[in-house]
Amino acid sequence: MPNNDIHLSGSSRKKYGPKSTLAQILATLALGFLSIEVGMKLSISTIVIKDLFQSSNINFSITQAEAAWYASSLFISQPFGNFVSGIFQERIGKKLCMILTNIPGVIGWILLYYAQSATILCVSIIIMGFNVGFNFGPTYSYIGEMTEPRLRGIMASLLSMAVMTGSLLTFALGSMLHWRTVALVNACCPIICICLIAAIPESPIWLMAKGKNDEAEKAICWLRGWVEPETVKHEFLELIRYNERSKTQFDADSEGGLLKKLAYFKDPSIYRPFKLLMIYFFVAFIVCIIPGRPYIGKILTEVGVPTNQGLYLIIFAALQGIGSVVLMVVVNRLGKRFLTLLTLSINSIMLLLFGVYTLVLKNNFVSSTPWIPLTILCIIYFSGSCGVLSIPYLLTSEVFPNNCRGIATGVCGGLSNIIIFIITAMYLFVENVLTLEYTMILYGLVGIFGLIYFYLYLPETENQTLLEIEEHFT
């Protein structure tokens, strides 16, 4: 049993008013521009490939191999960005990390605007990938550390909604503008982001870990609705005790500091949630067809939907955005575990149906009926963003103990991006070997495996304090 002097029971949590909710929403919205840009980067390759893949334009076109490299190169440098940010956020703080990450973002967009070869395309997307990887750890760590337990899931899901919004904006702009112009417009997002993040406070827990308790108290006052120190006194003392419990008082610049942190992965409170998240990310990426996202135009053509693909991309992105809103509204009431099992079940069934439909279509058992595959894809995109695709990112913000949250989220984000890179780079090969129909059936079977695993091992973390979550895995 945990010690009474450090355990936060549900009844002991301080109840704040609407101004506290507003302050945390404003802080999250500032971070939201980072996530909007992530969505833009995840979607831009689809627009570029659609225009340049085997194009009749003699000045600039790309082959299938070049398209595959460009589609997957975003994820080559993301792990490096994840690992670097895992170190830097402990040294310089979450806030400064989130400001610095915008610099490679601007560079990547400008390079894409001037690209005249597949090589420059890949260089631009690799720089963007570093940017995406670098901001992952500090963004979700900040959300986990600055929010109240009742709002943590909602605020983290707001970031997921922002990613979907960025994808929707990019697809919408891509339907009206040339991809170079889209790149130029998107370059404005990181500039806005720098200005907004500069206005919010640093993570109170990071400040406490550095012995800056006075600054931490001011940060808590800001985040709880610009109140007086007396109002947050109870929470402030509880965070100090949590800080001591998680052994965060260390010198990050001392010799062996990084090796010491990596050694923490032997602790059950680290490797148990880490293993869970790695399996979750893999299953989520598969059942939401993330490997086939850059080739969605090819998939639509193969199932008898060769026209209006730009419109369908916008619809898919809009459904993902709506799904993220639904998640934000219901996650506190339904919980992450229930939403995981529900949406994973839906996506697994839809993938199996998609595979069966493609199989009977290719064998001429049925005539082409475009509304069937379109409906299935719409359900997959909407359901995934309502739960299984978004929830692992929410869990990342809360399942790791504070003594190594920075490096743990960095490593976790890095390996998840390596997973995306591998499965995206292999997608065309797998489809060529299995054909589209059996690839979708395989994806559905992966979803069924995930459903069984999460039913057995996924705990509920919604409305739990960080200490309670840490104690569960310990």
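The values are calculated or read from the model by the stated rules, or taken from the named source; none is laboratory data. A quick note: this is a predicted structure, and the numbers were derived from the prediction, not measured. Every residue, glycine as well, gets a Cβ built from its backbone with ideal geometry; the counts of neighbours run over all protein chains shown. To get the accessible areas, we keep the full protein, side chains included, count just its heavy atoms, and leave off ligands, DNA and RNA. Shrake-Rupley method; radii C 1.70, N 1.55, O 1.52, S 1.80 Å.
Heavy atoms of the protein chains alone define the surface here; on that basis the chain has 40 Å² accessible area per residue at 1.4 Å probe size. The charge dipole of the chain, taken about the Cα centre with unit charges on the Cβ atoms of Lys, Arg (+1) and Asp, Glu (-1), comes to about 280 debye, rounded to the nearest 20. Sorting 143-149, 419-425 by average packing, meaning the other beta carbons within 10 Å per residue, from highest down gives 143-149, 419-425. Protein-only accessible surface at a 1.4 angstrom probe places the residues Met98, Met176 in the order Met176, Met98, largest first. Once you have a ≥ b ≥ c as the square roots of the Cα gyration tensor eigenvalues for region 66-122, tell me rounded if a/c is under 1.5, and otherwise prolate or oblate according to whether a/b is larger than b/c. It comes out oblate by the Cα gyration axes. For region 210-223, just list the computed ³J(HN,Hα) in residue order, Karplus coefficients 6.51, -1.76 and 1.60, θ = phi - 60°, integers in Hz, with x standing in for Gly and Pro. Those phi angles translate into 9, x, 9, 5, 5, 5, 4, 5, 5, 5, 5, 4, 5, 6 Hz.
Apolar share of the accessible surface for the chain: 68 percent from carbon plus sulfur atoms, 1.4 Å probe.
When its C-alpha radius of gyration is set against 2.2 N^0.38 Å (N residues), region 267-337 gives a value of 1.51. Ranking Gly93, Gln64, Ile120 by how far each Cα lies toward the positive end of the dipole of region 11-159 (charges on Cβ) leaves Gly93 at the top. Rounded to whole numbers, the Karplus 3J(HN,Hα) couplings from phi for region 173-182 are 5, x, 6, 10, 10, 5, 4, 5, 5, 4 Hz, using 6.51 cos²θ - 1.76 cosθ + 1.60 with θ = phi - 60°, and x at Gly and Pro.
Shape verdict for region 85-174, please, from the Cα gyration tensor: rounded (a/c under 1.5), prolate (a/b greater than b/c) or oblate. Oblate, since a/c reaches 1.5 and b/c is not below a/b. Mean residue ellipticity, 222 nm, helices only, the chain: the sum of -39500 (n - 2.57) across DSSP H runs of n ≥ 4, divided by residue count and rounded to 500, is -25000 deg cm²/dmol. When volume of the Cα convex hull per residue in Å³ is calculated directly from the model, which label among [x] 179; [y] 149; [z] 135 fits? Only one option fits the structure, namely [z]. Annotation: amide H of Phe53 within the under-5 Å range of Ile62, sequence separation 5 or more or interchain, hydrogens built in the peptide plane.
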